[in-house]
1. Would you please name the residue that is nearest to A77 (Cα to Cα), looking only at residues in region 127-139 that are open to solvent by less than 50 Å² (accessible area, probe 1.4 Å) and in a loop (DSSP other than H, G, I, E, B)?
2. Out of F115, F67, F119, I need the residue that is open to solvent by 10 Å² or more (accessible area, probe 1.4 Å) and touching a strand residue (DSSP E or B) at 6+ places or on another chain (Cβ under 6 Å). Which one?
3. With the checklist (1) more than 17 Å from I169 (Cα to Cα); (2) in contact with a Pro (Cβ under 7 Å, 6 or more places away or on another chain); (3) open to solvent by less than 30 Å² (accessible area, probe 1.4 Å); (4) modelled with pLDDT of 95 or more in hand, flag the one item S78 doesn't pass.
4. Among the numbered conditions (1) without any contact (Cβ under 8 Å) to a residue 60 or more places away in the chain; (2) under 22 Å from K51 (Cβ atoms); (3) surrounded by fewer than 18 Cβ atoms within 10 Å (Cβ to Cβ); (4) out of contact with any Ser or Thr (no Cβ under 9 Å at 6 or more places or on another chain), tell me where D124 comes up short.
5. State yes or no: is V65 within 23 Å of F157 (Cα to Cα) and either at pLDDT 85 or above or assigned to a strand (DSSP E or B) (or both)?
6. Checking A98 against (1) under 22 Å from K51 (Cα atoms); (2) open to solvent by 20 Å² or more (accessible area, probe 1.4 Å); (3) not in a helix (DSSP H, G or I), only one condition comes out false. Which one?
7. I'd like to know if region 3-22 contains one or more residues that are within 16 Å of the chain's Cα centre (by Cα), part of a loop (DSSP other than H, G, I, E, B) and modelled with pLDDT under 80.
8. Could you list, in sequence order, the residues of region 39-57 that are under 17 Å from F133 (Cα atoms) and either touching a residue at least 60 places away in the same chain (Cβ under 8 Å) or crowded, with 17+ Cβ neighbours inside 10 Å (or both)?
Amino acid sequence: MIKHTKYLLLTALSSALLSSPALWADDITPPANAKLAPHLSVMLPEYQTNKKMSLEMESGQVLLVDFWASWCGPCRASFPWMTDIQEKYKAQGLKIIAINLDQDRQQALDFLTEFKPGFTVLFDAAAELPENFGVIGMPTSFLMDRDGRIRATHVGFHEKNIADYESAITQLLSEKGD
């Protein structure tokens with residue numbers, strides 16, 4: 001409960017502080033300067049199968065890892081875009097994984113029934129990952145290269161920045177892993 005309350009407060013605070021539109025980093029962080037994503041081996045239940053999976057299992061793909069909650073307004077706007085972008089770049093190696101942080105799974109399931117994601121959704125009701133990733137608001141997205149390094153991050157979702165989001169993704173898709 002304390003972890004979830006913390007993220008609710010951080011989300012409210014970050015929304016107030018981030019009055020300018022959030023973008024990916026000005027430039028994609030070069031591979032040599034990028035940090036490996038933390039705790040890639042944490043196993044979380046998947047939405048459709050309820051089987052457990054980890055980010056580590058997706059090695060070799062460009063990952064867009066998105067932390068979200070059912071009460072998040074910008075998350076409602078981001079889900080259709082993530083479904084479209086997953087379909088558009090899946091064959092090139094893009095994998096979108098949205099990690100839900102709701103304590104009440106039914107609220108998340110109601111959201112998912114409405115938005116029907118075309119990408120992987122995991123449940124982290126115990127909030128095992130967000131603190132390690134440095135999540136400060138909803139949604140917070142991390143773009144990771146094929147070697148599991150975080151190359152770009154953004155908080156929030158702004159439809160006017162979709163071209164920038166997609167450009168960062170295509171840049172990483174064009175790179176070969178180590």
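1. So the residue we want is P139.
2. From the options F115, F67, F119, the qualifying one is F119.
3. Only one criterion is unmet by S78, namely (1).
4. (1)
5. yes
6. Of the numbered conditions (1) under 22 Å from K51 (Cα atoms); (2) open to solvent by 20 Å² or more (accessible area, probe 1.4 Å); (3) not in a helix (DSSP H, G or I), the odd one out for A98 is (2).
7. There is at least one residue in region 3-22 that is within 16 Å of the chain's Cα centre (by Cα), part of a loop (DSSP other than H, G, I, E, B) and modelled with pLDDT under 80.
8. H39, L40, V42, L44, L55, E56
The values are calculated or read from the model by the stated rules, or taken from the named source; none is laboratory data. Please read all numbers here as calculations on a predicted model, not as lab measurements. A quick note on method: Cβ atoms are made from the backbone with ideal geometry, for glycine too, and the neighbour counts reach across all protein chains shown. Just the protein is used for accessible areas: all its heavy atoms, side chains included, with ligands, DNA and RNA removed. Shrake-Rupley method; radii C 1.70, N 1.55, O 1.52, S 1.80 Å.
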